[in-house]
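The structure that follows is given in the form of structure tokens.
The values are calculated or read from the model by the stated rules, or taken from the named source; none is laboratory data. Nothing here was measured: the structure is a model prediction, and the numbers come from that model. Every residue, glycine as well, gets a Cβ built from its backbone with ideal geometry; the counts of neighbours run over all protein chains shown.
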Amino acid sequence: MATMDELFQKAIKQAAAQKKQPELIPWKSDEPWPQPYYSWDSGSEVWQLFKPLTSPSNDESQSSSISAIAVYSWNIDFMLPFAETRMKAALAHLEGLTSQLASTTAIVINLQECTPSDLITISQQEWVRDRFYITDLDSSAWASSLYGTVTLVDRRLEIASCFRVHYSATQMERDALFVDVAVAAKKVRLGNTHLESLALDPPLRPSQMRVAATYLHADESYAGAVITGDFNAIQPFDAALHADNGLKDTYLELGGREGADDGFTWGQQALAALRERFGCSRMDKAYFFGGGIKLQSFERFGADIEVGGGDKKQKDGLLALGFERAWVTDHLGIKATFSLVNDTRL
């Protein structure tokens, strides 16, 4: 059975093979590159393009009723087979979770390791079309056409800007995707990132988080900023990346302890051999800062979510790989909820 290192070395080669040629890349590494986002037009039944830094007309009465933002983040493993079946099951779980929230809470969903086919699956879901803007419909904004990040933004929020920062220090074509949302006369910057995998020498995650933090801190007039994603935190230095960059770790802020079982987001649903070798870890995190937002809660989700019961062939295929159950991904998701506060000194 392949080791984790072997699997990721294969992924590195795949990402490099599908990396865009320099002459075709419109962005500069470590600098913001404005990208469009899309809204579903029910009349024409198409995803409609909105230009960067431009937002559609919004229902002010809906926006003014928002008092909190819940950010969901989930890595859906791109290396496993049956991508469509697994993504559909993951999205069905997210639909159920988000439908239970109070009407005063807006929703943002950050996904990592999405493939181009995943984007098609996501964009075809009726509940996504009805309720969200989507940042990506294809891989044109990714450095590699193999996989990338995508964000879904509650349509009750006004998008002030949408941009992506491609890391210069990366072997795996990683980046940070940012969306600025405006609600109740406040702006909040929301980031979605997938930091470098593996224990590389020299490590790349510190550099990547420094770049991301630069843009989280870029505008002091914002109520606050939040960044979530698969941070691949597997080495001692990862535990200090938030403090090193003037950010707070949601899990720790609410009393969580480094190394405690209730914080682990990877390993429980990995291949047994990998879990036995590497153990479980808190790879997925949410960092934040700002006096205009207040952390309300943090939790994990997505445990034991499997492909649908009617997909026997796919379930058997995943079990044949050595998984104990036909899980949709090897990561648990995380959810962080923030309230919008009036006094920016809080």
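Pairs needed: first member in the range 221-240, farther than 19 Å from Phe298 by Cα; second member anywhere, at pLDDT below 95 and in a strand (DSSP E or B); C-beta distance under 7 Å; at least 6 residues apart or different chains.
Ala223/Lys186
Can I ask one more? Would you please name the residue that is nearest to Asn110 (Cα to Cα), looking only at residues in the range 253-291 that are aliphatic (A, V, I, L, M) and surrounded by fewer than 17 Cβ atoms within 10 Å (Cβ to Cβ)?
Only one residue tops the list, namely Leu254.
Find the helices (runs of 4 or more DSSP H) located wholly in the range 231-317 whose residues include 2 or more that are under 30 Å from Ala218 (Cβ atoms) and at pLDDT 95 or above, and list them.
241-244, 250-253
Let me ask something additional. Show the residue pairs meeting these rules: Cβ distance below 6 Å; 6+ apart or different chains; first residue within the range 180-196 and closer than 15 Å to Ala336 by Cβ and modelled with pLDDT of 95 or more; second residue of a type in the set (Gly, Ala, Ser) and part of a loop (DSSP other than H, G, I, E, B).
Val188/Ala223
If you don't mind, there's one more thing I want to ask. Among the listed residues Thr170, Thr214, Thr265, which satisfies the condition of being of a type in the set (Ser, Thr, Tyr), within 18 Å of Cys280 (Cα to Cα) and out of contact with any Phe, Trp or Tyr (no Cβ under 7 Å at 6 or more places or on another chain)?
Thr265
Being closer than 25 Å to Ala90 by Cα and free of Cβ contacts under 8 Å to residues at least 24 places away in the same chain is the filter here; which residues of the range 273-291 pass it?
Arg275, Gly279, Cys280
Answer yes if at least one residue in the range 199-210 is under 28 Å from Asp154 (Cβ atoms) and touching a residue at least 24 places away in the same chain (Cβ under 8 Å), and no otherwise.
Yes, the range 199-210 contains a residue that is under 28 Å from Asp154 (Cβ atoms) and touching a residue at least 24 places away in the same chain (Cβ under 8 Å).
Then there is this: Just checking, how many residues over the range 292-335 are buried (at least 18 other Cβ atoms within 10 Å of the Cβ) and free of Cβ contacts under 8 Å to residues at least 40 places away in the same chain?
Matching residues across the range 292-335 total 3.
Just for the range 120-156: of the residues that are aliphatic (A, V, I, L, M) and touching a helix residue (DSSP H, G or I) at 6+ places or on another chain (Cβ under 7 Å), which one is nearest to Trp33 (Cα to Cα)?
Val150
Next up: Quick check on my filter: what residues within the range 236-260 are over 21 Å from the mean Cα position of the chain (by Cα) and under 17 Å from Glu196 (Cα atoms)?
Matches in the range 236-260: Pro236, Phe237.
Just a yes or no: is a residue in the range 45-53 part of a strand (DSSP E or B), modelled with pLDDT of 95 or more, out of contact with any Ser or Thr (no Cβ under 7 Å at 6 or more places or on another chain) and not β-branched (Val, Ile, Thr)?
Among the residues of the range 45-53, not one is part of a strand (DSSP E or B), modelled with pLDDT of 95 or more, out of contact with any Ser or Thr (no Cβ under 7 Å at 6 or more places or on another chain) and not β-branched (Val, Ile, Thr), which makes the answer no.
To keep it simple, each residue is scored yes or no on (1) surrounded by 21 or more Cβ atoms within 10 Å (Cβ to Cβ); (2) within 13 Å of Arg155 (Cα to Cα); (3) touching an Asp or Glu at 6+ places or on another chain (Cβ under 6 Å).
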site: Ser103; (1), (2), (3): no, yes, no
site: Ala106; (1), (2), (3): yes, yes, yes
site: Gln112; (1), (2), (3): yes, no, yes
site: Gln124; (1), (2), (3): no, no, no
site: Asp130; (1), (2), (3): no, yes, no
site: Thr135; (1), (2), (3): yes, yes, no
